[in-house]
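What follows is a set of notes on a single structure, which appears directly below.
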């Protein structure tokens, strides 16, 4: 039985804002370490950025598979899963304060945080799907926007605007995630459209890719993921590289927050735009735009400061605008009998690609004299996505 104290109301007006706020709070744990790595390790380390991001991604992949194989979100209350996952993720994040001299312990805690993010981000989307029937696409736009804000939030905490110490940033993010979990548990609960989902079956992994339309969407999503998390991870590195050539007037952390956070606007606008032109076209336009930004980044250090700002803001806006559309398309096109398996395997492959992309980019940043080449090569992801989506441009999706 839902713990929602408003369970007698079908869908109060505050349900979506509270889900969005809780998703924002929980996902702020995802990248909370990235802007404070120099403070934790007492040095700036490109390898540490790549490795710590890859570890939490691997944790998320593992958690997603475990949650899916055990059908946890189908067998138990999603709101309770969200709460307990947030509790454990927030605790493991706070324990970093005790692991600053132990790199192995730091990796273990980031893995644990990533594992239980699988009970926050996907389960938060399931909670939204259980509350919203016809307007799911719009709701997912807001939820992915919340993920974007959660990703950017640690940079805001690090900026001159708030000026928190790195220990305070960790504790604030953990406390914020717990508040979001409590909102879900007591004020949102499980939605009226909650249904038993299909179970994960390993034997169905290959069969879901037999449908041409599903393959097009899946590979479009893979191309999108190749670029997204690597861009988010290394935004401060791009800014520091430009700062070596043209000193920036603004604080690096504040700029990183603005560049990542503007993506939430792209998600929301893309959600409304998809009602008029369809999800495929919105995803195609976003992929094309972010791919162009990847290529233009090759010349970023030659741009005047205002042009550089414009490029980075456009990149931040477009790099995530297609994400809720891919989520919607996967749900719509996946074979009904294998929907659970399809969503799980596409998500896991997509996040596995983020690890490869982050590690390759990290390696290239260490060996290339012209570091901008590493970011320009991210355009390979959008290129694959565009080629994959092209057959669907005339479809109804």
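Every read-out reported here was derived from the displayed coordinates using simple, explicitly stated rules and does not represent laboratory data. Worth saying up front: this structure is predicted, and the values here are computed from it rather than measured. Glycine gets a Cβ as well: all are built from the backbone with ideal geometry, and neighbour counts include every protein chain shown.
Structure notes:
- Mean projected area (nm²) of the alpha-carbon convex hull when region 30-124 is viewed from all directions: 5.7
- The length gained on full extension between residue 39 and residue 292, counted as 0.36 nm times the residue separation minus their Cα-Cα distance, comes to 87.7 nm.
- For region 206-391, dividing the convex hull volume of the Cα atoms by the residue count gives 108 Å³ per residue.
- With N counted as the residues of region 83-177, its alpha-carbon radius of gyration over 2.2 N^0.38 Å works out to 1.23.
- For region 284-397, dividing the convex hull volume of the Cα atoms by the residue count gives 100 Å³ per residue.
- Tensor-based shape of region 156-309 (alpha-carbon gyration tensor, a/c under 1.5 rounded, otherwise prolate or oblate): oblate
- Euclidean distance between Cα centres, region 227-306 to region 65-105, Å: 30
- Oblate is the label for region 330-397, because a/c, from the alpha-carbon gyration tensor with a ≥ b ≥ c as root eigenvalues, is 1.5 or above and a/b does not exceed b/c.
- The Cα atoms of the chain give a gyration tensor whose axes a ≥ b ≥ c have a/c of 1.5 or more with a/b no greater than b/c, which makes the shape oblate.
- On full extension, the segment bounded by residue 305 and residue 332 gains 5.5 nm, given 0.36 nm per residue less the C-alpha separation.
- Value of Rg/Rh across region 218-325 [Cα atoms, Kirkwood radius]: 0.99
- Segment residue 161-residue 380, length gained on full extension (0.36 nm per residue, minus Cα span): 75.2 nm
- Among 250-256, 172-178, sorting by the average number of other beta carbon atoms lying within 10 angstrom of each residue, highest first, gives 172-178, 250-256.
- Annotation: the residues 11, 110, 281, 394, sorted from fewest to most other C-beta atoms within 10 Å of their own C-beta, follow the order 394, 11, 281, 110.
- Footprinting exposure proxy for 22, 279 (fewest neighbouring C-beta atoms within 10 Å first): 279, 22
- Counting beta carbons within 10 Å around each of 368, 273 and listing the fewest first gives the order 368, 273.
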